[in-house]
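What follows is a set of notes on a single structure, which appears directly below.
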Amino acid sequence: MNFTDFVFFVLAAILIIAALRVITARNPVHAVLNLILALFSAGGIWILLEAEFLAMVLVMVYIGAVMVLFLFVVMMLDIDQDRLRQGFWRYLPLGVVMGFIIVLELGLVLSNRYFLEMPVAPAPDISNTRLLGALLASEYVYPFELAAVVLLVALVGAVVLTFRGRKNGHHGDPAAQIRVRAADRLRIVQMPVEKDEPAEPQKEEQGAC
Amino acid sequence: MLTLSHFLILGAILFAISVVGIFLNRKNLIVLLMTIELMLLSVNMNFVAISHYKGNADGQLFVFFILAVAASEAAVGLAILVTLFRNLKSIHVDDLDHLKG
């Protein structure tokens, strides 16, 4: 067992333990912190697989942005933890059995000779980042633009969902302004024609504004 | 000697853990979102491993796009969660029965 294998097994063990803690942690904040640890270990394994750029993106974008967002939301919400764990112990035996069966089945399939004896392809002589960048800017430029649109839509959607309107802002509601009819704003008042000799002072009608 | 099977089985174990997590925490929306992240991580692990052993960088680009979609999913999911909590004062799945007739 050489050093690379040792590193892989250590990282894999940390990853699995952290993933187990994510789903069993009592406190959601602990779950998020364990998820951060799991993602970090996964980044380490990706570096072993010579995918440095993705490991970097995982740490910077995932841990740096998405997980911090999770952490913010978890800390913002005041959660009744005991009620949320209803049915945890009831479903634990069945869940564990199902998980073992899934691992067993996939393990049987994935440990065949084809996967065990596949040699590592020779590494390209340019860096991983340059390789991905060249592919992204040539062959995958259209999916790349599409991913940008998806991110933009998600950004706008998140803002629309959580925006509650500015307090005491001087802005009108455009929909209401379009929907308005003349009858809402204007009242036509019938007035008798002025006579030459008023017998008594006429009651003045209130005009519409 | 590390083989492709090591990485694929690691991905399988992660996937099984997240399936069990959905099972166990089905009342807690925020842990459900986290287990979905774990599931995507296991898929990404498979992509990266196969890409490394096959010597084909396309798999890594797929991981890149999956990361983008997962980030937007997390953002929208958390926004929905915050709106939900603001309206219901709870994120318990059983409280979300407004569409029930």
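Overview of results
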read-out: Value at 222 nm in deg cm²/dmol, rounded to 500, when DSSP H runs of n ≥ 4 in chain B each add -39,500 (n - 2.57); value: -27500 deg cm²/dmol
read-out: Convex hull (Cα only) mean projected area of the protein assembly as shown, reported in nm² to one decimal; value: 27.2
read-out: Alpha carbon centroid spacing (whole Å) that separates segment A:151-197 from segment A:66-122; value: 51
read-out: Calculated FRET value between A:Ser111 and A:Phe3, using beta carbons and R₀ = 30 Å, to 0.05; value: 0.80
read-out: At least 30 Å² of accessible area lost relative to the chain alone, listed for segment A:102-138 with a 1.4 Å probe; value: A:Ile102, A:Val103, A:Leu106, A:Leu110, A:Phe115, A:Leu116, A:Met118, A:Val120, A:Ala121, A:Leu132, A:Leu135, A:Leu136
read-out: Per residue accessible area in Å² of chain A, where ligands, DNA and RNA are left out and the probe is 1.4 Å; value: 72
read-out: Ranked order, B:His52, B:His6, A:His170 - accessible area, probe 1.4 Å, largest first; value: A:His170, B:His6, B:His52
read-out: Segment A:1-79 - Rg over Rh from alpha carbon coordinates, Kirkwood radius; value: 1.05
read-out: Solvent-accessible area, 1.4 Å probe, carbon plus sulfur percent, for the protein assembly as shown; value: 67
read-out: Segment B:4-95, dipole about Cα centre (Lys/Arg Cβ +1, Asp/Glu Cβ -1), debye to the nearest 20; value: 140
read-out: Ranked order, B:Lys54, B:Lys100 - accessible area, probe 1.4 Å, largest first; value: B:Lys100, B:Lys54
read-out: Charge dipole magnitude, Cβ of K and R +1, D and E -1 - the protein assembly as shown, Cα centre, debye nearest 20; value: 720
read-out: Rough spin-label spacing in nm, given labels placed 7 Å along Cα→Cβ, for A:Ile63 and A:Leu152; value: 3.2
read-out: Residues A:Glu145 and A:Arg179, FRET efficiency given R0 of 35 Å [Cβ-Cβ distance, rounded to 0.05]; value: 0.40
read-out: Paramagnetic reach from A:Thr129 in segment A:35-57 [backbone N under 16 Å; point 7 Å along Cα→Cβ]; value: A:47, A:50-57
read-out: Candidate aspartates and glutamates - alpha carbon under 18 Å from B:Lys27, same-chain residues fewer than 8 apart omitted; value: A:Asp78, A:Asp80, A:Asp82, B:Glu37, B:Asp94, B:Asp95, B:Asp97
read-out: Total accessible area lost when A and B pair, probe 1.4 Å, Å² to nearest 100; value: 7000
read-out: Rounded FRET efficiency, nearest 0.05, which uses the C-beta distance separating A:Arg164 from A:Ala13 and R0 of 41 Å; value: 0.35
read-out: Helix A:28-48 axis, angle to chain A major axis (alpha carbon atoms, nearest 10°); value: 50
read-out: Separation of the B:His98 and B:Thr83 label points, Cα + 7 Å toward Cβ, nm; value: 0.9
read-out: Charge dipole of chain B about the Cα centre (unit charges at C-beta), most positive-ward option of B:Ala16, B:Val69, B:Leu32; value: B:Leu32
read-out: Accessible area (Å², 1.4 Å probe, nearest 10) - A:Thr129; value: 70
read-out: Accessible area per residue in Å² at 1.4 Å probe, computed on chain B; value: 37
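The values are calculated or read from the model by the stated rules, or taken from the named source; none is laboratory data. Predicted model only: the values in this text are computed from it and were never measured. Because the Cβ atoms are built from the backbone with ideal geometry, glycine has one as well, and the counts that use them run over all protein chains shown. For the accessible areas, the whole protein counts, side chains as well, though only heavy atoms, and no ligand, DNA or RNA atoms are used. Shrake-Rupley method; radii C 1.70, N 1.55, O 1.52, S 1.80 Å.
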